[in-house]
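Take a look at the structure set out below.
The values are calculated or read from the model by the stated rules, or taken from the named source; none is laboratory data. Everything numeric in this text was worked out from a predicted model, so none of it was measured. Note that we place each Cβ from the backbone using ideal geometry, even for glycine, and neighbour counts take in every protein chain shown. Side chains are part of the model used for accessible areas, which takes the heavy atoms of the whole protein and leaves out ligands, DNA and RNA. Shrake-Rupley method; radii C 1.70, N 1.55, O 1.52, S 1.80 Å.
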Amino acid sequence: HSMKALLLAAAVLWAPAWAQAPAPAAGPLHQVTGFRSALFGMTAQEVRAAITRDFQAADEVITELDNPAEKTRVLAVRLASLEPAPGPAVLTYILGAQSRRLVRVNVTWTSGPEPTDDERNRLGAAGLQLAGYFRALPWKPGGSVSNQREGRNAVLLQRSIDEHPGDP
């Protein structure tokens, strides 16, 4: 294991930007409504209040910036830990380019620059647990991708999108 750092990303998307996955299970499709109390369609002010409520985070630790490439607004918060993974996590809440309302939430866990085998194993186990949960849900055709390499030291274990059109 010569990785210098591990990155585990679990992203729940509402705005379509990609597609590749097996056909969903029979029955009603899973609907993504948001992340914890931050619901898709909320304004930046409402998302800030949800972050504060969900993580007891002071408003000043929430960073707000623009993504010029996507023309979106991003609210980000760094947490010391977030279950089920050990270690720090960064949550990014993306507001649509046109609507300026919440359309996507990314959760990213990272290790230190020299993770031990135990840290690597615990992070991997948590990622597999979370990815397995999302993989088992019925998504629209082409609405889910699993186990995708995201760079030299990163893997995307699961990314899913529901059937609602979004505002990128």
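Annotations for the structure displayed:
- Rounded, prolate or oblate (a/c below 1.5 giving rounded, otherwise prolate when a/b exceeds b/c) for the range 101-168 by Cα gyration tensor: prolate
- Charge dipole of the range 97-141 about the Cα centre (unit charges at C-beta), most positive-ward option of PRO113, LEU137, ALA126: LEU137
- In this label model, ARG100 and THR33 are separated by 2.7 nm, measuring between points 7 Å along each Cα→Cβ vector.
- Where LYS71, LYS140 fall by accessible area, highest first, once all protein chains stay in place (1.4 Å): LYS71, LYS140
- Packing-based ranking, highest mean first, of 40-51, 56-67 given that Cβ atoms within 10 Å are counted: 40-51, 56-67
- Rolling a 1.4 Å probe over the protein heavy atoms gives the range 60-118 an accessible area of 52 Å² per residue.
- Modelled spin labels at THR116 and ALA154, positioned 7 Å past Cα toward Cβ, are 2.6 nm from each other.
- Taking the Cα centre of the range 94-168 as origin and assigning +1 to Lys and Arg Cβ atoms and -1 to Asp and Glu Cβ atoms, the resulting dipole is close to 260 debye.
- Expressed as a whole percent, the accessible area of the range 80-134 that falls on carbon and sulfur atoms is 54 (1.4 Å probe).
- Model label points for GLN45 and ASN67, set 7 angstrom from Cα along the Cα-to-Cβ axis, are 2.5 nm apart.
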